[in-house]
1. Just to be sure before I move on: is GLU121 acidic (Asp, Glu) and in contact with a helix residue (DSSP H, G or I) (Cβ under 9 Å, 6 or more places away or on another chain) in the structure I sent?
2. Does the range 163-170 include one or more residues that are surrounded by fewer than 17 Cβ atoms within 10 Å (Cβ to Cβ), within 29 Å of LEU241 (Cβ to Cβ) and touching a residue at least 12 places away in the same chain (Cβ under 8 Å)?
3. Please return the ranges of helices (runs of 4 or more DSSP H) entirely within the range 152-266 where 1 or more residues are modelled with pLDDT of 95 or more, at negative phi and under 19 Å from the mean Cα position of the chain (by Cα).
4. Would you check which residues across the range 123-147 are modelled with pLDDT under 95 and in contact with a strand residue (DSSP E or B) (Cβ under 8 Å, 6 or more places away or on another chain) and list them?
5. Report whether or not VAL251 is under 24 Å from ILE14 (Cβ atoms) and aliphatic (A, V, I, L, M).
6. Are any residues in the range 1-41 more than 24 Å from GLU102 (Cβ to Cβ) and in a strand (DSSP E or B), and if so, which ones?
7. On the given criteria, is THR160 over 21 Å from GLN82 (Cα atoms), among the polar types (S, T, N, Q) and without any contact (Cβ under 8 Å) to a residue 12 or more places away in the chain?
Amino acid sequence: MPDREIRYNNADPIEVAPGIFHLGVQDEENSFSNVPYLILDGGEAVFIDPGSARPEFYEVVHAKASKVIDLKKITHMIVQHQDADLCAALPLFEPLVSPDCEISAPLEANVMLRHYNTKREIMTLMDGHKLTFGNGRTLKFLMTPYCHFIGAMVTYDSQTKTLFSSDAFGGFTPDNRVYADNGHYPAQLTLFLGEYLGSQRALEYMIKRLEMLDRDSGIDLICPQHGCVIPKELIPVYMELSKKLKVGQQVDSLAKKYGITLERSD
């Protein structure tokens, strides 16, 4: 069992599951972490959300990834949604990864990624698509639209039963703790998702879809793009917490301020 008190730094990648490396960077100014992941198998690597193009973030992720594997062995870069903090580094990594490396993203994110000036064709991922690499390790992609972007998805590693949850289960974090606890992180997650998710229906769909995945295949670890990794024993706690979230409240606040009556509730 990993040390639940472990902290990440700007130098060392952390293996959170067999072959899965946490390459997180802490944005201290905004109490916000950006966490790319690298998955290794059979001499190949898959980048999950390669990170920001800002030098203070990119240089950390580049150095950590280089400690894990020769970057030329990265054969896939997966983008779970279009936000710059987790994918603007694509054109910086393009010349460094395998010449045959594929960039893949959901359809709607694919359209936006072209504006980061990537040179390669971006492959479109659809709900249920799978990627097999290395010694037969399989990733499965599940679409979670409007959480928080129409072209959002999560990625499931069947070998370790790890869910890369994109923004879902993310949180604000004032420190560089790797693993979630049952003390401070619930409030940090609630604050983050309350700000960044806008659709109650989308949240409900996402939770029910992940519950189906857990019943059918099992989820042993949740790795969000922001905040803390959620270990197996706390996954039920955070699933229940997410069910109780009320999102998109800024709309209601502004409607009240201006005396606007909203006919429909999400």
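1. On the way: acidic (Asp, Glu): yes; in contact with a helix residue (DSSP H, G or I) (Cβ under 9 Å, 6 or more places away or on another chain): no.
So GLU121 fails the test.
2. As a first pass, look at the range 163-170 and keep what is surrounded by fewer than 17 Cβ atoms within 10 Å (Cβ to Cβ): none.
No, every residue in the range 163-170 fails to be surrounded by fewer than 17 Cβ atoms within 10 Å (Cβ to Cβ), within 29 Å of LEU241 (Cβ to Cβ) and touching a residue at least 12 places away in the same chain (Cβ under 8 Å).
3. Numbers: elements: 185-196, 200-216, 235-243, 249-257.
Here the list reads 200-216, 235-243.
4. CYS147
5. It is false that VAL251 is under 24 Å from ILE14 (Cβ atoms) and aliphatic (A, V, I, L, M).
6. ARG7, ILE14, GLU15, VAL16, VAL25, GLN26, ASP27, PHE32, SER33
7. Against the criterion (over 21 Å from GLN82 (Cα atoms), among the polar types (S, T, N, Q) and without any contact (Cβ under 8 Å) to a residue 12 or more places away in the chain), THR160 does not qualify.
One line per residue, one yes/no per condition, for (1) surrounded by 19 or more Cβ atoms within 10 Å (Cβ to Cβ); (2) among the acidic types (Asp, Glu); (3) out of contact with any helix residue (DSSP H, G or I) (no Cβ under 9 Å at 6 or more places or on another chain); (4) more than 28 Å from GLU15 (Cβ to Cβ):
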| position | (1), (2), (3), (4) |
| --- | --- |
| PRO174 | no, no, no, no |
| VAL178 | yes, no, yes, no |
| THR190 | no, no, no, yes |
| GLU195 | no, yes, no, yes |
| GLY198 | no, no, no, yes |
| ARG201 | no, no, yes, yes |
| LYS208 | no, no, yes, yes |
| ASP216 | no, yes, yes, no |
| GLN225 | yes, no, no, no |
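The values are calculated or read from the model by the stated rules, or taken from the named source; none is laboratory data. Keep in mind that this is a model prediction, so the values were computed, not measured. A quick note on method: Cβ atoms are made from the backbone with ideal geometry, for glycine too, and the neighbour counts reach across all protein chains shown.
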